[in-house]
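Read the structure below first, then the notes.
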Amino acid sequence: MSAEPSGPPALTSRIGAAAGVVEAGPAQVIADGGAGAARAGAGIARAVPSSRISMLSLLREPEFRVLTLTQFLSIAGDQLARVALTVLVFNRTNSALQAAIAYALTFVPAAIGGPLLTGLADRRPRRSVMVAADLIRAPLIALIAIPSIPLPLAMGLLAVAGLFEAPFEAARGALLPDVLDGESYPVGYAFGQILVQAAQVGGYGLAGILLIALSPSVLLLLDAASFAASAVLITRVVRNRPAATSNTSEQRDAWWTHAVSDLKYSVRIVLGQPQLRALALLAWTSSTFVISFEALGAPLARDSRSAEWAVGVLLAVQPAGTVIGAILATRVPAPRRHGAMQLLALLTLVPLAVGLARPPLAVLIAMGLLSGLGLAFNVLASTAFVRQVAPEVRGRALGLVGTGMLVGQGVGVLAAGWIATATGARVAVGWMGLVGTIAVLLALWDAHRNPRANPAGRPDGSAD
């Protein structure tokens, strides 16, 4: 539930996706899931509060170190590729519209691959899924770097490569609770969110610097190299675990024979359980409406009659708040996580409603910072989601939530832009914040209306 997308706002991109905090009562997190039990030889099992586990100490775990590094490489590489492709299209067509369309299309394949391919993260060994996705994408991106390649073919290759973003992220997200058990998981997840923000912002900045001396084709080759390096690191360091599902006949079947049934199954798991449904809605509504602040960064600066430097500040302040919030979220004691998650979810959107008053730049900066702090609810939400969903369906459940966040971000960007053309950027952000707050309150009401739920994907739960 970040962005990647981010998930999420961590928001996009390979998003690392998750869902919500699920509790048996006001203070007791349901622990009957895959991540709660200690596994022999499978990661760090610690029975100490997360406040005593430092992020840097987790880097001593080789598997977590590699999973974190490859996540950073893949996201930063994607940002390089997006900028490079946009510049490549603009240089050949001299059309800003076509360049914008090319940039937008880089997000579409992941939204398609999510529902269709994330089942692979449960039906196949997760390490193998990640390596295969990297090895498929590396040569496809390298082909796009050929200077004379026709643009339609380049876009087609990019679309095919983008399809494998979702299964990679679903497999990585489902594997992380096996590597970091217990209270190590929220700290590791928070560390990942910090790197996501750094990779997203730094990737764009690095692309701009590299384009001064290098061509877009070289940047695309760097992205291809990042996929190859990721595949090598994962193969050498991450332990090969068996597929999560125990049905050997399903493991032998071709992926397309289960694509539609996997989509229906994940929808039934997430939306069929009242707690998971409400918390998935929190992730989707937050990512849909909070993206408006980032999407309208430049118009906000102009609408508030601010100097050009204000654009950079407005674009950076929300990720900065997310980093601070992620660190603070790891210090929340387990009995208070449910209430903290609800307050933080509201904090993502309530400050944005102030935009209706057409505030000055200083207030806009405060709005973005507070909204970013609120996005720390993803850390608390993800922690219990993996405990609530059985390991054998974790990849599909995470994939569904991540895809919903990605689609929501696209809808949110379009909605914010449409409203801004009629009312101005500040008022548009205000309306997105107000409507988003109402949507979050409805999701929380749904959770309180159905306070208990069986573990999803288990014999005594809703899945079959």
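The values are calculated or read from the model by the stated rules, or taken from the named source; none is laboratory data. Given the structure is predicted, the values throughout are model-derived calculations rather than measurements. For neighbour counting, all protein chains shown are included, and Cβ atoms are generated from backbone atoms with ideal geometry for every residue, glycine included. Just so you know, the surface numbers come from the protein's heavy atoms only, side chains and all, with ligands and any DNA or RNA stripped out. Shrake-Rupley method; radii C 1.70, N 1.55, O 1.52, S 1.80 Å.
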Problem - Leading residue by the ranking (modelled with the lowest pLDDT) among those in the range 343-394 that are buried (at least 24 other Cβ atoms within 10 Å of the Cβ) and in a loop (DSSP other than H, G, I, E, B) - result: Ala376
Completion exercise
So, first residue farther than 22 Å from Thr437 by Cβ in the range 328-344, second residue open to solvent by 30 Å² or more (accessible area, probe 1.4 Å), Cβ within less than 6 Å, six or more apart or across chains; the pairs are Arg331/Ser51; Pro335/Ala27
Practice task
Only residues in the range 139-160 that are aromatic (Phe, Trp, Tyr) count as the first member; pair them with residues that are in a helix (DSSP H, G or I) and loosely packed, with under 13 Cβ neighbours inside 10 Å, Cβ under 9 angstrom, at least 6 apart or cross-chain, and list the lot.
Solution key: none
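When the range 303-324 is examined, which residues are found to be more than 19 Å from Ala353 (Cα to Cα) and in a helix (DSSP H, G or I)? Working first, answer last.
Filtering the range 303-324 for residues more than 19 Å from Ala353 (Cα to Cα) gives 305-313, 316, 320, 323-324.
Within the range 303-324, Trp309, Ala310, Val311, Gly312, Val313, Ala316, Ala320, Val323, Ile324 meet the criteria.
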Exercise for the section: Would you check if there is a residue in the range 177-193 being modelled with pLDDT of 80 or more and not in a helix (DSSP H, G or I)? Expected result: yes
Practice task
Looking only at the range 324-344, decide whether some residue is in contact with a strand residue (DSSP E or B) (Cβ under 8 Å, 6 or more places away or on another chain) and not hydrophobic (A, V, I, L, M, F, W, C).
Solution key: yes
Exercise for the section: Output the number of the condition that Ile146 fails; it satisfies all remaining conditions of (1) assigned to a helix (DSSP H, G or I); (2) open to solvent by 40 Å² or more (accessible area, probe 1.4 Å); (3) at pLDDT 85 or above. Expected result: (1)
